[in-house]
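Heads up: the structure comes next, in structure tokens.
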Amino acid sequence: MMRIKTGIIGFDTIIGGGYRPNTVNVVVGASGTGKTIFSLQFLLKGIELGEKGIYVSFDMDAKAIRILAESLGWYELVKAIENGELLVTRSHADSISYLNEGRYRLH
């Protein structure tokens, strides 16, 4: 089966060659664990391959993502946001606190 490369060194090997096509993959973790960098690196790989992408955040807007991308030297992401190849949207979810309150356990 063909896999979708993530662009994250070592990660593709761990998960059997990349993400499976037509799947939804959620990156979950505590603050400061690298979720944003991980996700942006994946999107950067897609941009390099000529794909479009969407980034949904609960705390960062497009301006904050642009500033972060610039600080990492990922100017391709900044360009992709500016020309509409990468949509960045900030969303709000009242129930997200359930994950932090231990009501749901991820195994």
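The values are calculated or read from the model by the stated rules, or taken from the named source; none is laboratory data. The structure displayed is predicted, hence computed values, not measured ones. Neighbour counts run over all protein chains shown; Cβ positions are idealised from the backbone, glycine included. Only protein heavy atoms, including side chains, enter the accessible area calculation; ligands, DNA and RNA are left aside. Shrake-Rupley method; radii C 1.70, N 1.55, O 1.52, S 1.80 Å.
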Give, as a single signed number, the net charge of other residues whose beta carbon lies under 9 Å from the beta carbon of I47, with Lys and Arg counted +1 and Asp and Glu -1. -1
Can you work out the Karplus-derived ³J(HN,Hα) for every residue in the stretch 46-52? Use 6.51 cos²θ - 1.76 cosθ + 1.60 with θ = phi - 60°, whole Hz, and x for glycine or proline. x, 4, 4, 8, x, 8, 9
Which labelled figure in [x] 53; [y] 45; [z] 50 is percent of Cα pairs over 20 Å apart, once derived from the coordinates: [y]
Quick check for you: with a 1.4 Å probe and neighbouring chains kept, what is the accessible area per residue of the chain, in Å²? 72 Å²
Carbon plus sulfur, as percent of the 1.4 Å-probe accessible area of the chain, comes to 54 percent
